[in-house]
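Below you'll find the structure, written out as structure tokens, and then a few comments.
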Amino acid sequence: MGTNWSAQIVDPPAGCAAMIEGVLAGIIAQMSHWEADSAISRFNRTPPGTWMPLPAAMLTVLRAGIAMARLSGGAFDPAIGRLVDHWGFGPAHRPASPTALAAPWTRIETEGDRARRLADVTLDFSGIAKGHAVDAVAAALRGLGVASFLVEIGGELRGDGIKPDIQPWWVDVEAPPGLAVPILRIALCGLSVATSGDYRRFRLEGDRRLSHSIDPRTGTPIAPGVASVTVLHDSAMMADAWATAITVLGPDKGMTLATRHDLAARLVLRTDSGAQEYMTPKLAAMLE
């Protein structure tokens with residue numbers, strides 16, 4: 001996944017670290033498009049129209065991604081791999097037309113335990129897999145009888161239970177560099193949080209700063225402006241996907257959609273005069 005993980009565990013049983021590494025290795029083997037032999041890479045090489053059985057976890061993430069594509073009007077798309085490669089953020093830099101195929105997610109079909117590509121589109125779970133990995137590690141810890149822990153993978157977090165000092169797992173959301181924004185401090189107790197930001201991954205093309213966040217509807221990186229989006233959710237996977245979708249949709253459409261779905265979310269907009277903060281009513285109520 002190109003990132004690090006950490007876990008703070010109260011009274012951890014023996015072998016916790018090895019168990020977590022095993023869970024993550026399994027996810028990479030299924031969902032990393034950087035690994036040529038992963039399930040997702042093999043699926044992306046199947047001829048269009050060919051069914052391929054998929055692991056249960058990968059099907060869960062794929063179906064969640066397709067559901068998010070519907071909810072967001074295509075602002076989130078799990079089949080965005082060709083566009084990601086085109087703009088230099090994937091394992092292959094393909095000189096292809098970035099707008100050749102609209103709504104790539106509609107070219108993916110699932111049935112039972114299998115899926116198929118209906119056209120030459122490729123899956124890319126970068127906007128959802130880290131969140132799923134957090135959920136998977138949390139579920140594995142609960143399976144070992146662990147009641148209190150904080151798991152973090154690449155900035156996506158899940159907290160359960162409380163610390164030994166009877167305090168919840170307090171975390172401060174990372175502020176975008178160079179912007180003065182109020183500290184967002186949240187207590188994670190049976191709750192997950194994910195943040196998407198324009199400062200994490202980007203590349204320069206001449207004098208242009210290209211964001212790694214691609215708008216699947218236009219086939220291009222999003223315009224400069226949205227510095228970060230933070231979403232709180234019961235599921236880290238869904239927090240991850242929602243943060244991606246809201247980042248692409250922007251402050252007006254994105255936060256309107258978040259409010260409609262009763263999400264706890266904050267968006268920080270980068271403007272010429274500094275930072276402008278947007279917050280959904282649910283998050284504002286949580287912070288009171």
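Read-outs throughout are calculated quantities, based only on the coordinates presented, and are distinct from any laboratory measurement. Everything numeric here is computed off the predicted structure, so don't read it as measured data. No Cβ is skipped: glycine too gets one built from the backbone with ideal geometry, and neighbour counts run over all protein chains shown.
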- Note on the structure: The size of the Cβ-based charge dipole (Lys, Arg +1; Asp, Glu -1) of the chain about the Cα centre, to the nearest 20 debye, is 660
- the chain, Gaussian network, Cα under 10 Å: of D124, D165, D198, the residue fluctuating most is D165
- Cα→Cβ-extended label distance, 7 Å offset, between K163 and R45, nm: 4.7
- How much length is gained on full extension from L118 to V10, taking 0.36 nm per residue of separation minus their Cα-Cα distance? 34.2 nm
- Task: Compute the convex hull volume of the Cα atoms of the chain, divide it by the residue count, and report the result per residue in Å³ as a whole number.
- Result: 131
- How long, wide and thick is region 159-287, going by the Cα atoms along their three principal axes, in whole angstroms, largest first? 52, 29, 25
- Item | Cut-off under 5 Å, modelled amide H: who pairs with S148 long-range | V10
- Note on the structure: Calc'd 3J(HN,Hα), region 272-288, phi into Karplus 6.51 cos²θ - 1.76 cosθ + 1.60 (θ = phi - 60°), Hz, glycine/Pro = x, comes to 4, 9, x, 8, 10, 9, 10, 9, 6, x, 5, 5, 4, 5, 5, 8, 5
- Message: Using Cβ contacts closer than 10 Å as the measure, can you line up M237, M286 from fewest to most?
- Response: M286, M237
- Message: At 0.692 mPa s and 37 °C, plugging the Kirkwood radius over alpha-carbon pairs of region 5-117 into Stokes-Einstein gives what diffusion coefficient in µm²/s?
- Response: 207
